[in-house]
1. Answer yes or no as to whether residue 279 is open to solvent by 40 Å² or more (accessible area, probe 1.4 Å) and either more than 15 Å from the ligand (Cβ to nearest atom) or outside the structural domain of residue 336 (by TED's automatic domain parsing) (or both).
2. Residues of segment 398-419 being at pLDDT 95 or above and small (Gly, Ala, Ser), which ones?
3. For segment 84-104: of the residues being in contact with a helix residue (DSSP H, G or I) (Cβ under 9 Å, 6 or more places away or on another chain) and hydroxyl-bearing (Ser, Thr, Tyr), which is farthest from residue 147 (Cα to Cα)?
4. Pick out the one residue from 295, 316, 282, 323 that is touching a His at 6+ places or on another chain (Cβ under 9 Å) and polar (S, T, N, Q).
5. Condition first: within 16 Å of the ligand (Cβ to nearest atom), part of a loop (DSSP other than H, G, I, E, B) and open to solvent by less than 10 Å² (accessible area, probe 1.4 Å). Now tell me which residues in segment 74-116 satisfy that.
6. Can we say residue 398 is open to solvent by less than 10 Å² (accessible area, probe 1.4 Å), touching a Lys or Arg at 6+ places or on another chain (Cβ under 9 Å) and not assigned by TED's automatic domain parsing to the domain that holds residue 117?
7. Give me a count of the residues in segment 331-354 that are in contact with a helix residue (DSSP H, G or I) (Cβ under 7 Å, 6 or more places away or on another chain) and either assigned to a helix (DSSP H, G or I) or open to solvent by less than 20 Å² (accessible area, probe 1.4 Å) (or both).
Amino acid sequence: MEAFRIRGGNTISGEVQADGAKNAALPLLAATLLTGQPCTIGRVPDLADVRTMRSLLTALGTTVEANGATVALQTPNITSTEAPYDLVKTMRASILVLGPLLARTGEARVSLPGGCAIGARPISLHLEGLARMGAEIKIEHGYVVAKAKKLTGCRLYLDFPTVTGTMNLMMAATLADGVMIIENAACEPEVKDLADFLIRMGARIDGAGTDRLVIEGVPALSGAHHAMIPDRIEVGTLMLAAAITRGDVTVTGLHPAHLEALIQKLREAGATVDVTGDSIRTRASGKLHAVSIRTLPHPGFPTDLQAQFMALMTVTEGMGIVTETIFESRFTHVAEYARMGANIRLEGQNAIVTGMDGLSGAEVMATDLRASAGLVLAGLVADGETLVRRIYHLDRGYEKLEQKLGSLGADVARVTMAG
Ligand code: EPZ
């Protein structure tokens with residue numbers, strides 16, 4: 001089992017390029033199932049979750065060829081409509097093949113993803129939406145079994161702006177009869193990026209990036225090329241690494257508009273954040289002061305940066321409140337921060353963080369992707385050595401993070417642990 005060994009205390013500085021977005025890559029790859037023609041996706045990050053999605057698509061009949069960060073995919077025929085448990089259990093986003101399979105073939109058997117460390121992660125809104133489009137949905141032996149001779153667009157209000165739910169329904173609607181209107185759709189940049197790709201494939205979509213999507217179904221989609229958006233969560237994590245180590249880091253190749261909430265909160269904390277074109281420079285020195293954050297659907301503060309921002313708050317001056325409104329148990333990192341000396345009190349969906357002068361290095365356990373990123377940030381500033389175990393969680397969403405941080409002056413090494 002691999003771990004990160006971090007020796008804290010270095011300030012990090014320099015320049016690093018953003019990679020493509022994990023949460024854009026997964027739906028973009030799944031969307032290629034909607035056509036028998038060849039597609040190429042650019043700026044694909046080399047991540048465990050992307051490799052899992054490529055394996056799943058191959059099992060469904062897709063030929064996948066990677067040439068660096070450009071991946072060529074073609075599914076002339078769907079040879080299987082089943083997403084098996086052993087693949088789905090390692091990556092919940094496998095559920096993103098449900099909409100495309102149903103739209104392309106009229107059937108799908110996809111393992112229920114199950115919960116994870118941050119919550120129950122139901123997919124009821126995905127299934128209710130597809131049922132409203134005319135699909136027959138059954139749950140059998142832990143699988144979603146869906147059938148639909150032809151999906152039909154409808155007017156649908158989502159009780160919650162679910163990101164992958166919006167993606168699944170939007171993909172299904174591209175080949176449905178009639179017009180689909182999705183109200184209270186997710187507005188995350190990754191949803192807009194998927195819509196942009198689908199439009200390139202010939203889909204008719206209005207409102208991409210807003211909370212009201214109008215999709216007019218077409219008989220078929222063609223192949224297309226699409227270079228995905230940069231990973232705003234990776235960028236935000238690197239910005240927070242600069243702030244927590246009181247360093248000076250420029251991240252390039254990004255969309256600053258995707259990070260407005262974090263930019264504002266870092267400035268409120270006393271960091272200097274300069275936006276120039278497609279790059280952001282983050283600097284901090286001396287004491288930063290605590291600010292409060294509340295995670296919300298985009299454009300609110302992203303839940304995927306909550307753990308990382310909390311790491312910063314553990315070493316700022318004063319007390320701040322972190323309110324997590326998206327997931328019901330996304331505070332598993334709190335106990336681990338406490339082992340490093342952080343002062344955090346949990347009250348329901350609120351974490352009250354009282355900043356300390358510093359943290360002390362310790363052996364800690366990663367529980368989920370973004371908690372592990374937060375623990376790495378805490379290790380960068382902690383006194384002494386921090387060992388972050390189960391770093392496979394981190395590898396799902398960050399490409400060679402130890403190399404990126406190392407190139408900026410951090411002392412981070414990937415080590416193999418017994419057991
Ligand atoms: C996507 O997950 C992201 N994953 C998550 O990133 C991200 O945290 C999340 O959106 C919120 O931004 C991918 O894009 C692959 P949701 P998703 O459906 O789509 C409730 C990471 O670290 N809900 O928007 O699964 C649900 O319980 C990952 O990269 C229902 O109640 O999130 C949760 O409380 C973690 N019923 C809330 O909505 C449903 O049918 C947000 O879920 C669906 C969701």
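1. no
2. Matches in segment 398-419: 406, 407, 409, 410, 413.
3. Result: 90.
4. Criteria check complete, one pass: 316.
5. 91
6. In short, yes.
7. Final tally of qualifying residues: 7.
Residue-by-condition table, conditions (1) within 20 Å of residue 22 (Cα to Cα); (2) not β-branched (Val, Ile, Thr):
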site	(1), (2)
145	no, no
149	no, yes
172	no, yes
192	yes, yes
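The values are calculated or read from the model by the stated rules, or taken from the named source; none is laboratory data. Predicted model only: the values in this text are computed from it and were never measured. Glycine also receives a Cβ, built like all others from the backbone with ideal geometry; neighbour counts cover every protein chain displayed. Ligands, DNA and RNA are excluded from the accessible area calculation, which covers all protein heavy atoms including side chains. Shrake-Rupley method; radii C 1.70, N 1.55, O 1.52, S 1.80 Å.
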